[in-house]
Structure formats: C-alpha cells, structure tokens
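Step one of this worksheet: look at the structure below.
The values are calculated or read from the model by the stated rules, or taken from the named source; none is laboratory data. Note that the structure is a prediction, hence the values are computed from the model and not measured. Cβ coordinates were reconstructed from backbone atoms using ideal geometry, including for glycine residues, and neighbour counts include every protein chain displayed. Only protein heavy atoms, including side chains, enter the accessible area calculation; ligands, DNA and RNA are left aside. Shrake-Rupley method; radii C 1.70, N 1.55, O 1.52, S 1.80 Å.
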Amino acid sequence: MPTNNRFWTLSSGRPLGGWPDEGTFELVEAPAPEPAPGQALSRTIYVSLDPYQWGYKRRGVDKPGQPCHARTVSQVVESRIDGLAPGDFVFNTNGWSEYGLMGEGVPRPAYMIPRKLDPRRGRISHAVGVLGMLGLTAYAGMMLMAEPKSGETAVVSAASGGVGQIAGQLARERGLRVVGIAGKPEKCRFVVEELGYDACVSHLSPDMAAELKAACPRGVDVYFENVGGAVFDAVLPLFNAGARMTICGLIAHYGDAAGVDSRAALMKRGEPVFQSRGVTVKDLFVGDWIARHDEFMAEVAPLVALGRIKYREDIRQGLETIPSAFSEMLRGANFGKMLVQVSPDPTL
Ligand SMILES: NC(=O)c1ccc[n+]([C@@H]2O[C@H](COP(=O)([O-])OP(=O)(O)OC[C@H]3O[C@@H](n4cnc5c(N)ncnc54)[C@H](OP(=O)(O)O)[C@@H]3O)[C@@H](O)[C@H]2O)c1
C-alpha cells in the first residue's frame, strides 16, 4: 500500500483575475489517505485538464491545502466497496493527485459519478473524454439542444479541442456543412483533413470575419460556442433566420477581471441580431444531461469504435507538469484533449 501521496493545491487563496502563473499552485506531500468502510483508494493514471477547472479555482470551489479538483482515470489499490477490487480501473475524481479516495462521504460534484471501466471496450483515457463528460457535452449541445438538420451549416469554435472535435463530427454525421474555427494552421489542417470538417478558419487571421463568411456561403444555422470574444463577433452577422446557438463555454473570457459576466456581455452584443433573426440561444451545462448518458454512449461509442469519429488527445507526462500543461491548455497550446499521465497505464 502507498504510504505517501503528492498533490497540487492552490498556494494562496482564491485567484481573482487573469490566468494562472508559476506561483498559483504548490506541490505538497502528505500521507496517502486510508479507505474507510464503503471507500476505495486508487492510483491516478490520467488527470483530465479542462477549462472549467480555472472557474473552480476562481469561484473558491478548490481550497488551499486540498488537491485541485479534476476528473481522473485511476486503478484501485485497496477497496472496501462491494464489487470493486484492487486492479479495477475506474473513472473518478482524484484531482491533481497521485492517489485519492472514492465512495461514501468523499466529496465530488453530484454529476461526476464514479464508475468501473472495462478496458476491453476502448482506451481507458476516453472515459474523461470522448466517451465521458466531453462527449456528452458535445452530444447534448449539438444533437439535443441545437437540433441540427441535414443540409444546414454548423460552425464550431475551439474546433480541434476536446469538445469541439466531437461536436463538429456529430454534425457532419448528421449531414451538415461543418465549419470549424481554431488557432494555428496545423490545428486547422487537422480539423479538415482528419476530422472531416468542410472548412476551418483561423481566429489568428486578421481576416477571420471575411474568411468565415466565405466558408459559410449559405449563412450559419447552428453555432456551437466554446470561445466568445472576437470569434463570437465574427459569427454573429452570419446567423440565418431561425438559427440555434448553444453556449457551451466562453474560454476567451475565463481570465476576465472578477465580477465580469461574460455571458451577459455577449447576449447584449448579440441581442439585436438574435431578435431580428429569431435566433434561439441556449446555455449548456453537461450536468443537466446525465440522464441521457446511456443514449449518448449507444450512439457515439460505436462511431468511435468504427473510427468514424476521430479523437485526438494531448497527453503530457508526470504529475510535475500539471500546472504548466493547465496554463498551456487555457491559452491554446494544447492540440487535442489535454491530459496528464501521472502513472503507468497497464492497459497499453
Ligand atoms: N457547458 C458545459 O457543461 C461544458 C463542459 C465541458 C466543456 N465546456 C467548455 O467547452 C469549451 C471547450 O472545452 P475543452 O475542454 O474542449 O477545451 P479545449 O477546446 O480542448 O481547449 C481550449 C481551446 O480553446 C481555444 N482558445 C483558448 N483561448 C482562446 C481565445 N482567446 N480565442 C479563441 N480560442 C481560444 C484554444 O484552441 P485554439 O488554439 O484553436 O484557439 C484551446 O486549445 C470551454 O469553453 C469549456 O469551458 C463546457
């Protein structure tokens, strides 16, 4: 049994504005926790790094002295839970930590329900990605909320990222023209050549608005919003009558000064167009769609297994790299879904 644990925590209180830097996090060592009845101890293999985690820190959900929250894929080392044995692989929420407890009394977001994973049914890392919360986010926001119809045009921002790559491919499967927005040229190439989008425009281009307009000759019927800011401003004039927009995330604003409601600002900018063209805008929170998880898996897992839906991961190595990988992801230096592998994956 492990005696020691290492984890990353906030070094001092709640970050109020801006982006994380070298001083934001601290690596601490502590005794490994021991499972009580109804609990299990697991060794973290993959830590999922997601933009919402910056919100957890800024809103005070993560506390100094405790491991920073994250969804994880882990292997059980000691279990006092019926039906869970050492060696089993699980989806859980060990956070930015080498070891963690799961089970009775262990705090976690209500909708992040630990579950046993079957490594024969695909890569275990997918449980925090395409076959987990990210896939469900894309499925709910694109297929259930935006109700895409064959022949329409969909635009997806942060198109090469964890959620974006899945959302666009789902729309393509439904028969839409799909246009991505991403950063660097290699990401735009990947979106078209690997993911099968019809076009991809770079938000780094000074001509983004004109290039997007040219890529959407019949306007925009569905917009899957991950970014906000200048990207939203480029999409706004292109909305067709009756278009649907899902606000999944507004990552361009996650470093805004405390108290700025980026959604309200975006709605204010968009309101004249939304009203005049009857655009429906819906907010997405993946936790509201957990009841549709089985339906999502039944539809999407076979597409992933067949290679019709492709999924790129950006896997960094070692617990030490978590803060730098997290900062890189927030500023777009990830290429695919960002994960950190903190111990060996015996399934590979
Ligand atoms: N609503 C929900 O329940 C829910 C659930 C999961 C995720 N989300 C949201 O979904 C979005 C995508 O999350 P993800 O996990 O898939 O992350 P991700 O897309 O893998 O990574 C973030 C990407 O955002 C892009 N980006 C960052 N800053 C930008 C800026 N200023 N302008 C344009 N693009 C920028 C970067 O890509 P480029 O290099 O291409 O710019 C970066 O790679 C986030 O907004 C996240 O908060 C929401």
Practice problem: Quickly run through region 303-348 and pick out the residues that are of a type in the set (Lys, Arg) and either out of contact with any helix residue (DSSP H, G or I) (no Cβ under 6 Å at 6 or more places or on another chain) or not in a strand (DSSP E or B) (or both). | Solution: 308, 310, 312, 331
Quiz item: What is the one condition in (1) in contact with a Pro (Cβ under 8 Å, 6 or more places away or on another chain); (2) closer than 22 Å to residue 279 by Cβ; (3) open to solvent by less than 40 Å² (accessible area, probe 1.4 Å) that residue 202 does not satisfy?
Solution: (2)
Quiz prompt | Matching option when the condition is touching a residue at least 12 places away in the same chain (Cβ under 8 Å), over 13 Å from residue 127 (Cβ atoms) and out of contact with any strand residue (DSSP E or B) (no Cβ under 9 Å at 6 or more places or on another chain), among 67, 51 | solution = 51
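So that you can scan it fast, the table gives a plain yes or no per residue for (1) in contact with a Pro (Cβ under 6 Å, 6 or more places away or on another chain); (2) part of a loop (DSSP other than H, G, I, E, B); (3) within 16 Å of the ligand (Cβ to nearest atom); (4) hydroxyl-bearing (Ser, Thr, Tyr):
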{"position": "100", "(1), (2), (3), (4)": "no, no, no, no"}
{"position": "111", "(1), (2), (3), (4)": "no, yes, yes, yes"}
{"position": "131", "(1), (2), (3), (4)": "no, yes, yes, no"}
{"position": "134", "(1), (2), (3), (4)": "no, no, yes, no"}
{"position": "138", "(1), (2), (3), (4)": "no, no, yes, no"}
{"position": "141", "(1), (2), (3), (4)": "no, no, yes, no"}
Quiz item: Does residue 156 satisfy being surrounded by 24 or more Cβ atoms within 10 Å (Cβ to Cβ) and more than 8 Å from the ligand (Cβ to nearest atom)?
Solution: yes
Self-check item: residue 150, sole failed condition from (1) touching a strand residue (DSSP E or B) at 6+ places or on another chain (Cβ under 6 Å); (2) among the hydroxyl-bearing types (Ser, Thr, Tyr); (3) away from the ligand (no atom under 14 Å from the Cβ)
Solution: (1)
Practice problem: Please verify whether region 274-293 includes one or more residues that are open to solvent by 70 Å² or more (accessible area, probe 1.4 Å), within 30 Å of residue 189 (Cβ to Cβ) and not assigned by TED's automatic domain parsing to the domain that holds residue 167. | Solution: no
Quiz item: Among the residues of region 217-233, which ones are in contact with a helix residue (DSSP H, G or I) (Cβ under 8 Å, 6 or more places away or on another chain), surrounded by 21 or more Cβ atoms within 10 Å (Cβ to Cβ) and farther than 16 Å from residue 268 by Cβ?
Solution: 220, 222, 223, 224, 226, 227, 231
Quiz item: Which of (1) touching a Phe, Trp or Tyr at 6+ places or on another chain (Cβ under 8 Å); (2) open to solvent by 60 Å² or more (accessible area, probe 1.4 Å); (3) more than 15 Å from the ligand (Cβ to nearest atom); (4) of a type outside the set (D, E, K, R) is the odd one out, the single condition residue 254 does not satisfy?
Solution: (3)
Exercise. Of the numbered conditions (1) part of a loop (DSSP other than H, G, I, E, B); (2) within 20 Å of residue 128 (Cα to Cα), residue 86 fails exactly one; give the number of that condition.
Key: (2)
Quiz item: Taking region 289-326, which residues are within 30 Å of residue 25 (Cβ to Cβ) and free of Cβ contacts under 8 Å to residues at least 12 places away in the same chain?
Solution: 324
Quiz item: Within region 74-95, can one find any residue that is in contact with a Pro (Cβ under 7 Å, 6 or more places away or on another chain), open to solvent by 30 Å² or more (accessible area, probe 1.4 Å) and within 17 Å of residue 8 (Cβ to Cβ)?
Solution: no
Quiz prompt | Yes/no for residue 167 being hydrophobic (A, V, I, L, M, F, W, C), part of a helix (DSSP H, G or I) and surrounded by fewer than 24 Cβ atoms within 10 Å (Cβ to Cβ) | solution = no
Practice problem: Have a look at 304, 286 and point out the one that is hydrophobic (A, V, I, L, M, F, W, C), within 11 Å of the ligand (Cβ to nearest atom) and either under 18 Å from residue 73 (Cβ atoms) or at pLDDT below 95 (or both). | Solution: 286
Quiz item: Say we look at region 171-197 and pick out the residues that are within 15 Å of the ligand (Cβ to nearest atom) and part of a helix (DSSP H, G or I); which of these is least open to solvent (accessible area, probe 1.4 Å)?
Solution: 191
